[in-house]
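See below for the structure under consideration.
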Amino acid sequence: MILESPMKLDRAACERRAYRLATLLTGDPVAAMDVVEAMVRAQPDLRVLDTARLDRLTVLRSREITPGTPGRLPADVLGADAAGALDSLATQPREAWLLSRTYGLSPRETARAMDCSVTATARHVERADDVMARMLGGPDGPCRGVVGAIEALRVYSGSLALPPLYLARQRRRRRRRQLLAMVLLVATALAVMAIAGRLSPG
């Protein structure tokens, strides 16, 4: 298993995990950055989420950002045949296959992330396995193409880092939130002092 869940991660690890999963699900690093930004706008501190809830939110936002057909993962990462096989999958079998086979989630974790039953998730994975094996070969020979695709996706996912543009935006947002908190603190202190002054005798 690549990643274990549920567990708590620090902020950077949460954002990196969400970005890597969103890139696999959307097939587009730019769309994945939009997914993470949408998540942070809704929940500024992702550290409050354990990995199970983080994965669920990532799947939901990825569906919203890329409704219908997701983008195609780079053929130079997978190879043209594997990329085509993955593209041929319907949305839910694709999600289930990526979450379980590539991202390394257990059946229960995959079901939780997709918000469906373990039985339904197993059907999606089985359907995706059948398609991938049929298009890339059988289990005793050319199916190494499936194994190779999984390994390539894991390496690709592990190499992904949040773009500098996203990191710069997040630093600006955090500074604005810190400044706002300071302004509110000062305003509250002044208000308390004013009230105390009016209540004091004389």
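The values are calculated or read from the model by the stated rules, or taken from the named source; none is laboratory data. As the structure is a prediction and not an experimental result, all values here were calculated from the model. Glycine also receives a Cβ, built like all others from the backbone with ideal geometry; neighbour counts cover every protein chain displayed.
Here are the numbers for the structure shown:
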| item | result |
| --- | --- |
| Residue check, E95 of a type in the set (D, E, K, R), modelled with pLDDT of 85 or more and farther than 20 Å from T23 by Cβ | no |
| Residue check for V36: over 22 Å from A149 (Cα atoms), out of contact with any helix residue (DSSP H, G or I) (no Cβ under 6 Å at 6 or more places or on another chain), in the same structural domain as L86 (by TED's automatic domain parsing) and in contact (Cβ under 8 Å) with a residue 60 or more places away in the chain | no |
| Residue ID - nearest to C116 (Cα to Cα), chosen from residues in the stretch 4-28 that are surrounded by fewer than 20 Cβ atoms within 10 Å (Cβ to Cβ), touching a helix residue (DSSP H, G or I) at 6+ places or on another chain (Cβ under 7 Å) and not charged (D, E, K, R) | P6 |
| Residue in the stretch 56-69 that is nearest to L153 (Cα to Cα), counting only those that are in a helix (DSSP H, G or I) and touching a Ser or Thr at 6+ places or on another chain (Cβ under 7 Å) | S62 |
| Checklist (1) free of Cβ contacts under 8 Å to residues at least 40 places away in the same chain; (2) within 13 Å of the chain's Cα centre (by Cα) applied to M114, failing item | (1) |
| Condition check for R72: in contact with a helix residue (DSSP H, G or I) (Cβ under 7 Å, 6 or more places away or on another chain), part of a loop (DSSP other than H, G, I, E, B), surrounded by fewer than 16 Cβ atoms within 10 Å (Cβ to Cβ) and in the same structural domain as M132 (by TED's automatic domain parsing) | yes |
| Of all residues making up the stretch 75-117, the number that are surrounded by fewer than 14 Cβ atoms within 10 Å (Cβ to Cβ) and part of a helix (DSSP H, G or I) | 4 |
| Tabulated pairs, the stretch 148-165, first farther than 14 Å from G27 by Cα and modelled with pLDDT under 85, second charged (D, E, K, R) and surrounded by 12 or more Cβ atoms within 10 Å (Cβ to Cβ), C-beta under 8 angstrom, 6+ apart or interchain | A161/R16; L162/E15; L162/R16 |
| Matching residues, the stretch 1-22, being modelled with pLDDT of 85 or more and within 14 Å of R56 (Cβ to Cβ) | C14, R17, A18, L21, A22 |
| Count of residues meeting criterion [closer than 15 Å to L57 by Cα and of a type outside the set (S, T, N, Q)] in the stretch 106-126 | 7 |
